[in-house]
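Colleague: Take this structure, written in structure tokens, and hold onto it; I'll ask about it next.
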Amino acid sequence: MLNLIGLSKYEVEEALVNLGEKPYRAKQMWHWIYCKGAQNFEEMSSFSEKLKILLANHFTLQRPRVSHEQLSNDGSFKWLLEVDGPNNIESVFIPEVDRAALCVSSQVGCTLNCSFCHTGTQKMVRNLTAGEILGQIMVAKDKYQDWKKPASERKLTNIVMMGMGEPLFNYPEVSKALRIIMDPEGISLSKRRITLSTSGVIPMIEKVGTELGVGLAISLHAVTDEIRNELVPINKKYPIEQLLNACRTYPGANNARRITFEYVMLKGINDSEADARELSRLLRDIHAKVNLIPFNTWPGSPYSCSSTSVIKKFASILNNNKISAPIRVPRGRDIMAACGQLRSAKENNEPKKLNSLS
Ligand code: SAH
Ligand code: SF4
């Protein structure tokens, strides 16, 4: 059975034509899937009974199976989703006062081994398909009854590709999913409400800007190659200066649409006042803002989080250099839901395979 979720309009058209249907049905089908959130063919009232049965015999609208879900006492909500057999991914819904973001995974695990990130310690890695990436959004929209609504009335307002995995190592499926998310006939979420976070896969960055035009976040975390090589080992291949050059020319970056530099605060490693001054210097001619992320520790991690006073001082140095530097408020700590280091207590059953965070 072919799952229609994640197929482009053209692919849906092809599938329907193969069944002897007219091509225009594809547009109607997309509308049922992405605007109305149909979970089965029975509810597709614009189709004849005969067609509904034919569709149900050939296709599915299968979401990833929810194997575990948890509500945090701060309102964030985490799903552990089974994508196939034992492979689990997580997504997290993070409501704020005037918006709510879904943190979406792009891979099971991650092939990169950033030394502070627990996702990188997972052995099992595979790319998610566009359907599995979209499936995370469908599950969230099902839960919050967020279908059939104009953008202004929706609960889910933003998507951040900051969950498990390096999205630019899975560009074909990530871009296919994002195109369906941005399509006015798809999920219909503006590119201004989507952010893609990368550890710095330089050759793909320009493509993200020209082809997708979504917001860019760079996991920078250090101001010297020496330290960044340790924290984000892909830096050995794509060092800071080249990475910042790619940011300087990122299509669509401007004062109103800044590139976010993520900077995880690690005690005694990257959090000195000199580091803050150097960061200000490095970013001086880039449309940048910095997100200071308190490190979320995990058992066996070689790092600890900088103190609040050190983080505040770091932020004030950036601010004095006219760089906005909000300190991220950790969300869903009680349910272990920090983006980018998603995990689940369940996975502790297999410590060797899925050496998880806590
Ligand atoms: N692979 C991509 C996207 C996922 S990681 C990337 O690296 O950008 C998303 C963010 O979570 C990154 O900025 C990452 O550095 C951060 N992160 C990972 N582990 C963390 C931890 N233990 N504490 C705080 N932030 C963490
Ligand atoms: Fe992968 Fe991002 Fe974690 Fe690095 S920080 S290991 S790139 S998920």
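The values are calculated or read from the model by the stated rules, or taken from the named source; none is laboratory data. Every value quoted in this text rests on a predicted model; they were computed, and no experiment measured them. Every residue, glycine as well, gets a Cβ built from its backbone with ideal geometry; the counts of neighbours run over all protein chains shown. Surface areas here come from the heavy atoms of the whole protein model, side chains and all, with no ligands, DNA or RNA. Shrake-Rupley method; radii C 1.70, N 1.55, O 1.52, S 1.80 Å.
Here is a yes/no grid of residues against (1) over 30 Å from ASN235 (Cα atoms); (2) among the β-branched types (Val, Ile, Thr); (3) open to solvent by less than 10 Å² (accessible area, probe 1.4 Å):
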site	(1), (2), (3)
ALA140	yes, no, yes
GLY165	no, no, no
LYS191	no, no, no
VAL208	no, yes, yes
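Colleague: Looking at PHE41 and the list (1) over 23 Å from MET182 (Cβ atoms); (2) exposed (fewer than 15 other Cβ atoms within 10 Å of the Cβ); (3) modelled with pLDDT of 95 or more, which single condition is not satisfied?
Modeller: (2)
Colleague: Here are some residues: SER72, SER76, SER46, SER67. Which one is more than 16 Å from ligand 2 (Cβ to nearest atom), open to solvent by 10 Å² or more (accessible area, probe 1.4 Å), of a type in the set (Ser, Thr, Tyr) and touching a strand residue (DSSP E or B) at 6+ places or on another chain (Cβ under 9 Å)?
Modeller: Going through SER72, SER76, SER46, SER67 in turn, just one is more than 16 Å from ligand 2 (Cβ to nearest atom), open to solvent by 10 Å² or more (accessible area, probe 1.4 Å), of a type in the set (Ser, Thr, Tyr) and touching a strand residue (DSSP E or B) at 6+ places or on another chain (Cβ under 9 Å): SER67.
Colleague: From the residues in the stretch 251-283 that are of a type in the set (D, E, K, R), touching a residue at least 60 places away in the same chain (Cβ under 8 Å) and crowded, with 16+ Cβ neighbours inside 10 Å, which one is nearest to HIS221 (Cα to Cα)?
Modeller: If we take residues in the stretch 251-283 being of a type in the set (D, E, K, R), touching a residue at least 60 places away in the same chain (Cβ under 8 Å) and crowded, with 16+ Cβ neighbours inside 10 Å, then GLU262 is nearest to HIS221 (Cα to Cα).
Colleague: Limited to the stretch 208-258, what total is found for residues that are part of a loop (DSSP other than H, G, I, E, B), hydrophobic (A, V, I, L, M, F, W, C) and under 20 Å from ILE269 (Cβ atoms)?
Modeller: Adding up the residues that qualify gives 4.
Colleague: Considering only residues that are open to solvent by 10 Å² or more (accessible area, probe 1.4 Å) and within 12 Å of ligand 2 (Cβ to nearest atom), look in the stretch 96-119 and name the one that is modelled with the lowest pLDDT.
Modeller: For the stretch 96-119, the residue satisfying everything is ASN113.
Colleague: Among the residues of the stretch 111-138 satisfying the criterion of being away from ligand 1 (no atom under 12 Å from the Cβ) and small (Gly, Ala, Ser), which is nearest to THR157 (Cα to Cα)?
Modeller: GLY135
Colleague: How many residues does the stretch 286-323 hold that are part of a loop (DSSP other than H, G, I, E, B) and either without any contact (Cβ under 8 Å) to a residue 24 or more places away in the chain or within 16 Å of ligand 2 (Cβ to nearest atom) (or both)?
Modeller: 9
Colleague: Return the pairs, sorted by first residue and then second, in which the second residue is open to solvent by 20 Å² or more (accessible area, probe 1.4 Å), the first residue lies in the stretch 50-77 and is part of a strand (DSSP E or B), the beta carbons are less than 6 Å apart, and the residues are 6+ apart or on different chains.
Modeller: PHE59/LEU2; THR60/MET1; THR60/ASN3; ARG65/GLU82; SER67/GLU82; HIS68/LYS346; PHE77/LEU71
Colleague: Also: Could you grab the pairs with beta carbons closer than 7 Å, sequence gap of 6+ or different chains, first residue in the stretch 175-195 and of a type in the set (Asp, Glu), second one surrounded by fewer than 19 Cβ atoms within 10 Å (Cβ to Cβ)?
Modeller: GLU185/LYS27; GLU185/HIS31
Colleague: Could you check, for the stretch 276-285, whether at least one of its residues is under 15 Å from THR198 (Cα atoms) and either within 13 Å of ligand 2 (Cβ to nearest atom) or among the hydrophobic types (A, V, I, L, M, F, W, C) (or both)?
Modeller: no
Colleague: What is the one condition in (1) in a strand (DSSP E or B); (2) within 23 Å of PHE77 (Cα to Cα); (3) in contact with a helix residue (DSSP H, G or I) (Cβ under 8 Å, 6 or more places away or on another chain); (4) not charged (D, E, K, R) that THR195 does not satisfy?
Modeller: (3)
Colleague: May I pose another question? State whether one or more residues within the stretch 218-229 are farther than 20 Å from ASN113 by Cα and either open to solvent by 20 Å² or more (accessible area, probe 1.4 Å) or within 12 Å of ligand 1 (Cβ to nearest atom) (or both).
Modeller: no
Colleague: Right, another one. What residue, among those in the stretch 80-94 that are over 16 Å from ASP142 (Cβ atoms) and within 18 Å of the chain's Cα centre (by Cα), is modelled with the lowest pLDDT?
Modeller: ASN87
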